[in-house]
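Here the structure comes first, spelled out in structure tokens, and everything after it is commentary.
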Amino acid sequence: MSGETQLSGPDLSQGISLSDLPEGGQVVGHNGSEAVLVVRRGEEIFAIGASCTHYGGPLGEGLVVDDTVRCPWHHACFSLRTGEAVRAPALNPVACFRVDREGDRLFVRHKVDTAPHRPASRGETAPDPVVIVGAGAAGNAVAETLRKEGYGGRIVMIGPEPDLPYDRPNLSKDYLAGTAQEEWIPLHPREFYDEQRIELVLGAAVKSIDLSGKTVTLEDSRTLGWDALVLATGAEPVRLSIPGADLPHVHLLRSLADSRTIIEKAKEAKRAVVVGASFIGLEVAASLRGRGLAVTVVAPDERPLGRVMGPELGDFIRGVHDEHGVVFKLGTKPAAITDTEVRLESGETVPADLVVVGVGVRPRVALAEAAGLAVDNGVVVDELLRASAPGVWAVGDIARWPDPHSGERIRVEHWVVAERQGQTAARNLLGRGERFDAVPFFWSQHYDVSINYVGHAAKWDAIEVSGSLAERSAVVTFRSGGRTAAVATVFRDQESLEAELAMERGAT
Ligand code: FAD
């Protein structure tokens, strides 16, 4: 997704004084129409584009770590030396500029080409072909990272959806609200995949895997051989099993096609019921309010998000939705859905001409299970993201990996984790032996409020709130067994980045 960059600060082509950039300091200015971030680290001075290539976040408000800068919005990371996107969710580089020192003045006048020219990996060490099952966040990251790392062999990525890999988190947010254009949704244009020689087999699902014969068979009976196989089949939404759950105005939301259908229905609908007070359910509620529908959220919980975020953030998020006119029916569940209403177990009825169900997801592990891979609430992988058979890898929502931070084997459903796992798995396919040790990160957006969350706290002993949720400036720390298990922030992006870094470095 892109946005107009507001230029601020000095015109760097006219130069700034070295004294404006103290050791460790940074300045955001511009060169022509481009915002540029200048950073000084010791004797070195770097200049790169100042807008994150993910959603346009301001890198000047991010965190500089060694020779990289992390975006405050969704924690993408760029090399200050080259502008390269070194960690998801950014996939494309920012520009890199030469810094000229003339006396005590610094000038940023020229862009430099720093695209890494990595040698193509040699055929005898790298597997060929690599077949990727699933063309979502994780699968896409595997494919493009393989090429970035110089892999020269064949890459085939298979997915049942007809669309190019796309920005799934947007489906419940700006895209559904009507404020993000359809052209922002694909992660890359088709030419990108052609240029990168990534073969897309779209509109085709894999039906079975033969581990000993090293083949996959598609639903249309085509068979493809692989030397390495990456499973990235994501998760599927849980369906309701109540009368009326399959009526035409009742929808799940996982795919771009689902979001398009809900948007079409929302044009005529007046009253929506969202079943489930999960992140997706609440984001859908916010987006449908943005389209002017009356929205009622029905969920068995005492408060929205309470089980994952605790009472403080749960009450906060409820308040945000109350302010926007969302009605909550909590402590109850739908018992039946008719053409015009949702009947609740509490005996109440809520009128509805559109129902969106967001009651959780299950990892899509049927393929892996049928193939005989180890599956236990997800495909079990080791620290390198290898599944239990040679040459097979699993990444994204389906992967359950040994998380060094919590000391537990975990599986999460986060966009950035899926992409980072794809990036790590790609490097490991090329023999790098890189442990997947990223601290989990996700964000959720409700109207103009975004919650950023780092770490993983399935449970906690204590929650500490610093700042004020009422004033929308807070850091919420989840502590477990004396350590910081997770940190959620509201409009405190720096602290979120710092918490991520501290967890990476093993601070408690
Ligand atoms: P996916 O992106 O789901 O991709 C899996 C792909 O595999 C799909 O294209 C699927 O069709 C394909 N596939 C399935 N079966 C087969 C088969 N048999 N053969 C071939 N292909 C197959 N996370 C966040 O961190 N922040 C957010 O704000 C956020 N918002 C979200 C909003 C919505 C509406 C949804 C649905 C999810 C959201 N998520 C968010 C979660 C995030 O999108 C997922 O964690 C992420 O997409 C997981 O990536 P993945 O590659 O594992 O799975």
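Among the residues of the stretch 12-46, those that are under 34 Å from the mean Cα position of the chain (by Cα) and charged (D, E, K, R) comprise Glu23, Glu34, Arg40, Arg41, Glu44. From the list Arg260, Arg271, the lone residue that is farther than 16 Å from Ser444 by Cβ, within 13 Å of the ligand (Cβ to nearest atom) and either surrounded by fewer than 24 Cβ atoms within 10 Å (Cβ to Cβ) or in contact (Cβ under 8 Å) with a residue 60 or more places away in the chain (or both) is Arg260.
Kindly evaluate Ala370 against the criterion of being in contact (Cβ under 8 Å) with a residue 60 or more places away in the chain, buried (at least 20 other Cβ atoms within 10 Å of the Cβ) and either of a type outside the set (Val, Ile, Thr) or touching an Asp or Glu at 6+ places or on another chain (Cβ under 7 Å) (or both).
Considered against the rule, which asks whether it is in contact (Cβ under 8 Å) with a residue 60 or more places away in the chain, buried (at least 20 other Cβ atoms within 10 Å of the Cβ) and either of a type outside the set (Val, Ile, Thr) or touching an Asp or Glu at 6+ places or on another chain (Cβ under 7 Å) (or both), Ala370 comes out as no.
Here the stretch 394-413 is the region considered, the condition is being assigned to a loop (DSSP other than H, G, I, E, B) and within 17 Å of the chain's Cα centre (by Cα), and the residue that is farthest from the ligand (Cβ to nearest atom) is Arg411. The set of residues from the stretch 377-421 being surrounded by fewer than 19 Cβ atoms within 10 Å (Cβ to Cβ), of a type in the set (A, V, I, L, M) and farther than 23 Å from Ala366 by Cβ comprises just one member, Leu384. Restricting attention to the stretch 183-203, the residues that are within 19 Å of Ser259 (Cβ to Cβ) and either in contact with a Leu (Cβ under 6 Å, 6 or more places away or on another chain) or assigned to a helix (DSSP H, G or I) (or both) add up to 3.
Looking at the stretch 471-491, can you tell me whether even one residue there is within 24 Å of Asp66 (Cα to Cα), surrounded by fewer than 21 Cβ atoms within 10 Å (Cβ to Cβ) and either in contact with a strand residue (DSSP E or B) (Cβ under 7 Å, 6 or more places away or on another chain) or among the charged types (D, E, K, R) (or both)? Taking every residue of the stretch 471-491 in turn, at least one turns out to be within 24 Å of Asp66 (Cα to Cα), surrounded by fewer than 21 Cβ atoms within 10 Å (Cβ to Cβ) and either in contact with a strand residue (DSSP E or B) (Cβ under 7 Å, 6 or more places away or on another chain) or among the charged types (D, E, K, R) (or both). Can you confirm whether Ala95 is modelled with pLDDT of 95 or more, within 30 Å of Pro189 (Cα to Cα) and surrounded by 21 or more Cβ atoms within 10 Å (Cβ to Cβ)? Answer is no for this residue. In this structure, Phe328 does satisfy being surrounded by 16 or more Cβ atoms within 10 Å (Cβ to Cβ), farther than 17 Å from Leu176 by Cα, at pLDDT 95 or above and touching a Ser or Thr at 6+ places or on another chain (Cβ under 9 Å).
Lys459 meets the conditions (1) of a type outside the set (A, V, I, L, M, F, W, C); (2) surrounded by 20 or more Cβ atoms within 10 Å (Cβ to Cβ); (3) not in a strand (DSSP E or B) in every case but one. The failed one is (2). Scanning the stretch 146-162 for residues that are over 15 Å from Trp393 (Cα atoms) and more than 7 Å from the ligand (Cβ to nearest atom) yields Arg147, Lys148, Glu149, Gly150, Tyr151, Gly152, Gly153, Arg154, Pro162.
The values are calculated or read from the model by the stated rules, or taken from the named source; none is laboratory data. The structure presented is a predicted model; accordingly, all values stated were derived computationally and were not measured. Please note: Cβ atoms are built from the backbone with ideal geometry, for glycine as well, and neighbour counts cover all protein chains shown.
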